[in-house]
Amino acid sequence: MEVLRGIAVSPGLVIGRVFLLEDEDRRVVRRFTPAAGSAEESDRARAALQASISDLQAVKERAEREMGTEAAKIFLFHIGVLQDKSLRDPIFKRIETEHMAAEHAVDETFGDWARRFASMGDSAFTTKVNDLEDLRNRVLGHLMGEHNRTLDELKHPAIVVADDLTPSQAAGFNRELVQAFVTDRGGRTSHTAIVARALNIPAVVGVRGVDKAAQEDQAIIVDGLEGVVILDPTDEQLDRYRDRQARLERRQTVWKERASEPSVTTDGVPIRLLGNIEFPDEVAHVLEVGGHGVGLYRTEFLYLTSDREPSEEEHYNAYRRCVEQVRGMELVVRTVDLGADKYTQHRVELPERNPFLGNRSIRYCLSNLPMFKRQLRAILRASAHGPLKIMFPLITTVQELRQAKAIVRDVMEDLAEEGIPFDRNVPMGMMVEVPAAAVIASSFARDAAFFSIGTNDLVQYTLAVDRTNERVADLFTAMHPAVLRLVRDTMRGAKSRQIPVSCCGESAAELDFAVLLIGLGVRTLSVGSFSIPQVKRLVRSVSAEECARIARRALSLESPSDVSAYVRERVRKAMPGVFDSGED
Ligand code: PEP
Ligand code: MG
């Protein structure tokens, strides 16, 4: 039994079996094969070693021609290593006696050699460690090129364990087969995590070393509520988790039954609860759990689930489906927010040095006008079927906002000329997710019909903490007083022009932060559908006036931990029971 801890990103408790997913950097997973498969694995290893030797002979000959025999000698050393019995024998021994898969045996054996060389102290050996790494990669390249594990090999329900997953990999998961996933890397607000919540797949990320510790087909428990992963659980742990699973199911049933209860604070202030979605299918779930519409539709997932750019019709069909399902309630369609950790194939080929500060979101759209206009045409066409709002992401300058709005108006003219119906008064608002936008919110309020605060990016840019990096996950918190002051500035800016403000970042679903948002005057919260019942439960047990008092004081505190401790203490005193898990 082994207990590992990480970051809980998508709730749920799952007991299952491990499916190890190798990544493209040739990080090898600890895979074993049945005894009967050993001969086949030995043949694969032998062939990969031979193919690597042939490659190196060709490289050596070319080097001799181009650089002379002296320089080419290094490749003789490489070839010698791959022919050396003291390297080859342990590889075959591991395959035959320990039943390791060929990749696993090669990786372990090269690892032993590298450690031995590194510990020799003599630079003649220590400098060879990089050569060994190169050789390992070459041999693995032959093995994994021929047998690179992909999700297509997953044929039965299992829990995917990987070093990391991209948002598009997660978006492509077959929900019938992927019961949960666990990754070595990642953060709570990474888009992979967001997709997991959207698809209702329990997940824990940032579990350091899990892809090395887990073994194929091993029994595993994934606790997406507490961020715990248990490999080879004991019978007692299994019983305990089965018990908790049953309690969780009961809780969900109760919450569904309460979906129609009003979302009003104890002193009568209505707080509108909306859902964040990535796929049109999610609208039904948002409404089922009591959401009053969609406060953020992340349309870029249309791109991320396809290997080519969606056509205008594909855009239109998706938006129309959403409009029809929300039946006149709120629907905020955000224009594509590609870039940073959300890539199209085309952009993967042109990597940026610092993509979170790069040509992402609205910047990308403004520099790819045909693509942007195609989406806007589709959104406007869908607006003929029911009310919707357009929201632009990552707005940093007033010019950007004006330019984006001018493009919408151009597209409106085109549609009018073609006689295609649309809503000419469609409201156009913006995300406030860059500190610059929050600081000069009053300037933006002249041109924006509404604001939606995106704490995922706002926190990342304010605190200089990469939202996808597990190593700095502890520093990522919306409870930092600087973030609270930016929310306050946004509210003030909005008030100067009487425009509405919502918060659609993941932190809106964190109960202590939600108390502060309500206290700072935010009256619309947009959260993942799973969180709607929980946030409603909070709303129904707090007083907006008390929240305002708490927020006023929190603004003057020094650190995130001071703010958290203060909010929890005050809420516990003034509104006992608010932070209970509600699991029973
Ligand atoms: C945000 O940044 O808070 C947000 C809601 O947008 P996304 O998570 O898609 O970047
Ligand atoms: Mg964002």
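Just one of 449, 436 is surrounded by fewer than 19 Cβ atoms within 10 Å (Cβ to Cβ), within 16 Å of ligand 1 (Cβ to nearest atom) and hydrophobic (A, V, I, L, M, F, W, C); which is it? Walk me through it before giving the result.
Working: 449 fails: within 16 Å of ligand 1 (Cβ to nearest atom).
Answer to the check: 436.
Which of the residues spanning the stretch 288-310 are open to solvent by less than 40 Å² (accessible area, probe 1.4 Å), outside any loop (DSSP other than H, G, I, E, B) and over 20 Å from residue 360 (Cβ atoms)? Of everything in the stretch 288-310, those that are open to solvent by less than 40 Å² (accessible area, probe 1.4 Å), outside any loop (DSSP other than H, G, I, E, B) and over 20 Å from residue 360 (Cβ atoms) turn out to be 293, 294, 295. Among the residues that make up the stretch 149-158, is at least one of them buried (at least 19 other Cβ atoms within 10 Å of the Cβ) and under 21 Å from the mean Cα position of the chain (by Cα)? Checked the stretch 149-158: at least one residue is buried (at least 19 other Cβ atoms within 10 Å of the Cβ) and under 21 Å from the mean Cα position of the chain (by Cα). Residue by residue through the stretch 372-418, note down the ones that are in a helix (DSSP H, G or I) and within 16 Å of ligand 2 (Cβ to nearest atom). The answer is 400, 401, 404. Among residues of the stretch 477-518 being among the hydrophobic types (A, V, I, L, M, F, W, C) and in a strand (DSSP E or B), the one that is nearest to ligand 1 (Cβ to nearest atom) is 503.
Taken together, 528, 519, 577 contain a single residue that is open to solvent by 10 Å² or more (accessible area, probe 1.4 Å) and touching a Cys at 6+ places or on another chain (Cβ under 6 Å), which is 519. If you check every pair at least six apart or on different chains, which have Cβ atoms under 6 Å apart with a residue in the stretch 414-427 that is on the phi < 0 side of the Ramachandran plot first and a residue that is surrounded by 11 or more Cβ atoms within 10 Å (Cβ to Cβ) and outside any helix (DSSP H, G or I) second? From residues that are on the phi < 0 side of the Ramachandran plot, the pairs are 415/422; 421/384; 422/384; 426/390; 427/389; 427/449. For the stretch 367-382, the set of residues classified as open to solvent by less than 30 Å² (accessible area, probe 1.4 Å) and either at pLDDT below 95 or not aromatic (Phe, Trp, Tyr) (or both) consists of 371, 375, 376, 378, 379, 380, 382, listed by residue number. Residue-level analysis places residue 521 among those that are touching a residue at least 12 places away in the same chain (Cβ under 8 Å), outside any strand (DSSP E or B), more than 16 Å from ligand 1 (Cβ to nearest atom) and small (Gly, Ala, Ser). Listed by first and then second residue, the pairs linking a residue in the stretch 453-476 that is away from ligand 1 (no atom under 12 Å from the Cβ) to a residue that is among the aromatic types (Phe, Trp, Tyr) and open to solvent by 10 Å² or more (accessible area, probe 1.4 Å), with Cβ atoms under 6 Å apart and 6 or more places separating them unless they lie on different chains, are 465/476.
What do you reckon, is residue 313 in a helix (DSSP H, G or I), within 22 Å of residue 274 (Cβ to Cβ) and more than 15 Å from ligand 1 (Cβ to nearest atom)? No, not satisfied. In the stretch 236-248, the count of residues that are open to solvent by 30 Å² or more (accessible area, probe 1.4 Å), farther than 21 Å from residue 151 by Cα, within 17 Å of the chain's Cα centre (by Cα) and aliphatic (A, V, I, L, M) is zero.
Comparison of 103, 96 shows that the only residue that is surrounded by fewer than 18 Cβ atoms within 10 Å (Cβ to Cβ) and either at positive phi or in contact with a helix residue (DSSP H, G or I) (Cβ under 7 Å, 6 or more places away or on another chain) (or both) is 96.
Identify, please: which residue in the stretch 19-44 is among the aliphatic types (A, V, I, L, M) and within 30 Å of residue 166 (Cα to Cα) and is, among those, modelled with the highest pLDDT?
In the first step, residues of the stretch 19-44 are kept if they are among the aliphatic types (A, V, I, L, M); the result is 20-21, 28-29, 35-36, 39.
Subsequent filtering for residues that are within 30 Å of residue 166 (Cα to Cα) retains 20-21, 28-29.
Values: 20: 92, 21: 88, 28: 67, 29: 67.
Checked the stretch 19-44; the qualifying residue modelled with the highest pLDDT is 20.
The values are calculated or read from the model by the stated rules, or taken from the named source; none is laboratory data. None of the values given here were measured: they were computed from a predicted structure. Note that we place each Cβ from the backbone using ideal geometry, even for glycine, and neighbour counts take in every protein chain shown. Calculation scope for accessible area: heavy atoms of the full protein, side chains included, ligands and nucleic acids excluded. Shrake-Rupley method; radii C 1.70, N 1.55, O 1.52, S 1.80 Å.
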